[in-house]
Amino acid sequence: MRNDRPNLIVDLTLAFSFKLMQYTENLESLRKFNLSNQLFRSGTSIGANVMEAQNAESKRDFIHKMKIAAKEADESYYWLYLCDLSKSYPSCGQLLAELDIIVKVLSKIISTAKSK
């Protein structure tokens, strides 16, 4: 059953996904299809795994899903960093900054859940 209370990590990842969708659509218009696809898949998967974790069957399942979200965030960081380094790609500094916050929040959630 879905919980509709405010949830920081759900809100952060949802907002990130929307911005990432716009960025990858821009990449596609520039014919950067391969990287756009990789980035879209890993970037939107962060929020999907966070959302799935909200209905985890156990604490262990919750931690596992959050760890998957963290791995997807790391992969997304890699793709965004490549874009950031390339002069032929649009700026993605804001996405990198938002992703850094998401990674920190996910790390805190995981460490707190493990310690309880």
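The values are calculated or read from the model by the stated rules, or taken from the named source; none is laboratory data. These figures come from a predicted structure and were not determined experimentally. Neighbour counts run over all protein chains shown; Cβ positions are idealised from the backbone, glycine included.
Mind telling me which of the residues 36, 91 ends up being more than 21 Å from residue 5 (Cα to Cα) and not in a loop (DSSP other than H, G, I, E, B)? Don't jump to the end; show me each part of the working.
Values: 91 fails: not in a loop (DSSP other than H, G, I, E, B).
The match here is 36.
Here residue 15 passes the criteria (1) crowded, with 19+ Cβ neighbours inside 10 Å; (2) within 12 Å of the chain's Cα centre (by Cα); (3) touching a residue at least 60 places away in the same chain (Cβ under 8 Å) except the one numbered (1).
From the list 84, 100, the one residue that fits, being charged (D, E, K, R), farther than 20 Å from residue 12 by Cα, in a helix (DSSP H, G or I) and at pLDDT 95 or above, is 84.
Against the numbered list (1) surrounded by fewer than 15 Cβ atoms within 10 Å (Cβ to Cβ); (2) of a type in the set (Gly, Ala, Ser); (3) in contact (Cβ under 8 Å) with a residue 12 or more places away in the chain, residue 43 comes up short only at (1).
Would it be correct to say that residue 7 is surrounded by fewer than 16 Cβ atoms within 10 Å (Cβ to Cβ), out of contact with any helix residue (DSSP H, G or I) (no Cβ under 8 Å at 6 or more places or on another chain) and without any contact (Cβ under 8 Å) to a residue 60 or more places away in the chain? Here the answer is yes, as residue 7 does meet what is asked.
Among the residues of segment 71-104, those identified as surrounded by fewer than 18 Cβ atoms within 10 Å (Cβ to Cβ) and among the hydrophobic types (A, V, I, L, M, F, W, C) are 82, 85, 96, 97, 101, 103.
Condition check for residue 27 on (1) more than 12 Å from the chain's Cα centre (by Cα); (2) surrounded by 14 or more Cβ atoms within 10 Å (Cβ to Cβ); (3) under 30 Å from residue 116 (Cβ atoms): one failure, at (3). Take the conditions assigned to a loop (DSSP other than H, G, I, E, B), among the polar types (S, T, N, Q), out of contact with any strand residue (DSSP E or B) (no Cβ under 7 Å at 6 or more places or on another chain) and without any contact (Cβ under 8 Å) to a residue 12 or more places away in the chain and apply them to residue 111. Does it pass? When the stated conditions are applied, residue 111 does not pass them.
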